[in-house]
Amino acid sequence: MVIQLRRATLEDLPALLALEGRCFDRPWPEGAFAAELALPYAQVWLAFDEGDPRPIGYVDFWVVEGEISLLNVAVDPRARRRGLARMLLAKLKTEGRAVGGEMIFLEVRRSNEGGLALYRAAGFEQIGIRKGYYAAEKEDAIVMSRALDTDGAVG
Ligand SMILES: CC(C)(COP(=O)(O)OP(=O)(O)OC[C@H]1O[C@@H](n2cnc3c(N)ncnc32)[C@H](O)[C@@H]1OP(=O)(O)O)[C@@H](O)C(=O)NCCC(=O)NCCS
């Protein structure tokens, strides 16, 4: 794979939704992505494999007063375990640093073993639990964080 990353715009919304549908059992709806793409402090980056116009991964994060909130990172099932999420998290760090980010925070479903493994490999540590955060399934969220400048396994 020869991967290129670029920032998403509103024109990418249909392709982003299609990717989301391939990645999640409970995909975000169109309105959620439209809102993200309009927020001045949100950044959505897409990953493309050379020659394929469809994105194969994305990362969505906010930077507000030094705090980076990682909202989502997802990779097309066909492209997993090849380092793409690593690459997207490295992009988050580069861009987050460029706009003054210092700490990264995220929430992940307790049942999401792949997500938890990725974040642990990326140097995140658990800092708390939000009971029943995912209300529809009454599932807990694991809250994780890491400083931007400490060395983790990723980026
Ligand atoms: C989680 C997800 C983003 C990982 O993407 P990916 O491109 O396959 O991840 P990478 O190849 O960059 O993996 C980096 C490291 O994370 C860990 N990791 C990633 N996915 C893993 C899995 N399913 N099981 C165990 N470890 C995993 C490994 O340590 C891996 O390194 P290795 O392959 O050298 O062992 C992908 O599985 C996905 O899109 N899942 C659905 C969406 C999701 O749950 N997103 C995260 C929560 S919002």
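The values are calculated or read from the model by the stated rules, or taken from the named source; none is laboratory data. In this text the structure is predicted, and so the values were computed from the model without any measurement. Note that each Cβ is placed from the backbone with ideal geometry, even for glycine, and that neighbours are counted across all protein chains shown. Side chains are part of the model used for accessible areas, which takes the heavy atoms of the whole protein and leaves out ligands, DNA and RNA. Shrake-Rupley method; radii C 1.70, N 1.55, O 1.52, S 1.80 Å.
Before moving on, here are some points about what is shown:
- When +1 charges are put on Lys and Arg Cβ atoms and -1 charges on Asp and Glu Cβ atoms, the dipole computed for the chain relative to its Cα centre reaches about 440 debye.
- Heavy-atom accessible surface of the stretch 3-147: percent carbon and sulfur, 1.4 Å: 51
- Look at the Cα gyration tensor of the stretch 3-147: its axes a ≥ b ≥ c give a/c under 1.5, and that counts as rounded.
- Alpha-carbon centroid distance for the pair the stretch 86-109 / the stretch 29-56, whole angstrom: 16
- For the stretch 77-155, accessible area per residue (1.4 Å probe, heavy atoms of protein chains only), Å²: 59
- In the calculated pair-distance distribution of the stretch 93-155, the portion above 17 angstrom amounts to 43 percent of the Cα-Cα pairs.
- Considering only Q126, P77, G100, and ranking their Cα positions along the charge dipole of the stretch 36-155 that arises from unit charges at the beta-carbon of Lys, Arg, Asp and Glu, the one farthest toward the positive end is P77.
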